[in-house]
Amino acid sequence: MIKNIDRYPVPIVCPYCNSSVIFTSNAEIYGRQYGNGMCYKCTECNSYVGVHTGTKIPLGRLADKELRELKKECHSLFDPVWQKNKNITRDMAYRILAELLEIPVNECHFGWFDKKTLHRAKQIMSKKYWESGGNEKS
């Protein structure tokens, strides 16, 4: 079952160049299919977003190169906190980040974030206390 957070609106018009967005094979991006093989892709620029397996539900917002890079940077700071700390689950890490970003936890997902929110998250997660799961404010 897809969680509520995973129901991001289907992109129809590219927010970067105002061109049409199509539902297509991700082979158009990577040269061969990866994962579930489908995505939404702008017909003009290189913006795209994958979908949840077996659905047409996007994983988040349509992303240009800059947004994709910011998401990767954020994940590189976020993932080690819950992957290496036995006391913190992924969901707990998202709850902590949502609190620090002062946003509802059901809206705390890197795939949903715009560039401004990704920059804020990156700044928060670059601080030393984030490595401890947000428990040490020093």
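Since every read-out is calculated from the coordinates, none of them should be taken as a lab result. Only a predicted model underlies this, so the values are computations on that prediction, with no experimental measurement involved. Glycine also receives a Cβ, built like all others from the backbone with ideal geometry; neighbour counts cover every protein chain displayed.
Stokes-Einstein diffusion for the range 4-50 at 4 °C, viscosity 1.567 mPa s, with a Kirkwood radius from C-alpha pairs, works out to 117 µm²/s.
Which of Asp79, Asp64, Asp114 moves the most in a Gaussian network model of the chain with Cα springs under 10 Å? In the Gaussian network model the winner is Asp79. Please state the relative contact order of the chain as a whole percent: Cα pairs under 8 Å, 6+ residues apart? With pairs under 8 Å counted, the relative contact order is 19 percent.
In debye, nearest 20, what is the charge dipole magnitude of the chain about its Cα centre with +1 on Lys and Arg Cβ and -1 on Asp and Glu Cβ, if you could check?
On the way: 21 positive and 15 negative charges, 45 e Å.
Once rounded to the nearest 20, the dipole reads 220 debye.
Using a Gaussian network model of the chain with C-alpha springs under 10 Å, which one of Lys128, Lys86, Lys71 is most mobile by mean-square fluctuation? In the Gaussian network model the winner is Lys86.
Assign one of three labels to the range 65-131, namely rounded, prolate or oblate, based on the Cα gyration tensor with a ≥ b ≥ c the square roots of its eigenvalues; rounded applies when a/c is under 1.5, prolate when it is not and a/b is larger than b/c, and oblate otherwise.
Details: a/c = 1.67, a/b = 1.33, b/c = 1.25.
Verdict is prolate for the range 65-131.
The phi torsions of the range 76-91, fed into the Karplus equation with coefficients 6.51, -1.76 and 1.60 and a -60° offset, translate into couplings of 5, 8, 7, 4, x, 4, 8, 7, 9, 9, 5, 8, 10, 8, 4, 4 Hz, rounded to whole numbers, with Gly and Pro shown as x. Set Lys and Arg Cβ to +1 and Asp and Glu Cβ to -1, take the dipole of the chain about its Cα centre, and tell me which of His119, Phe78, Gly35 lies farthest positive. It is Phe78, whose Cα lies furthest towards the positive end. For the chain, modelled as a GNM whose springs connect Cα atoms under 10 angstrom apart, the maximal fluctuation among Met92, Met38, Met125 occurs at Met92.
What relative contact order, as a whole-number percentage, does the range 4-50 give when Cα pairs under 8 Å and 6 or more residues apart are counted? List each step's numbers first, then the result.
Details: 64 pairs, mean separation 15.3, N = 47.
Computed value for the range 4-50: 33 percent relative contact order.
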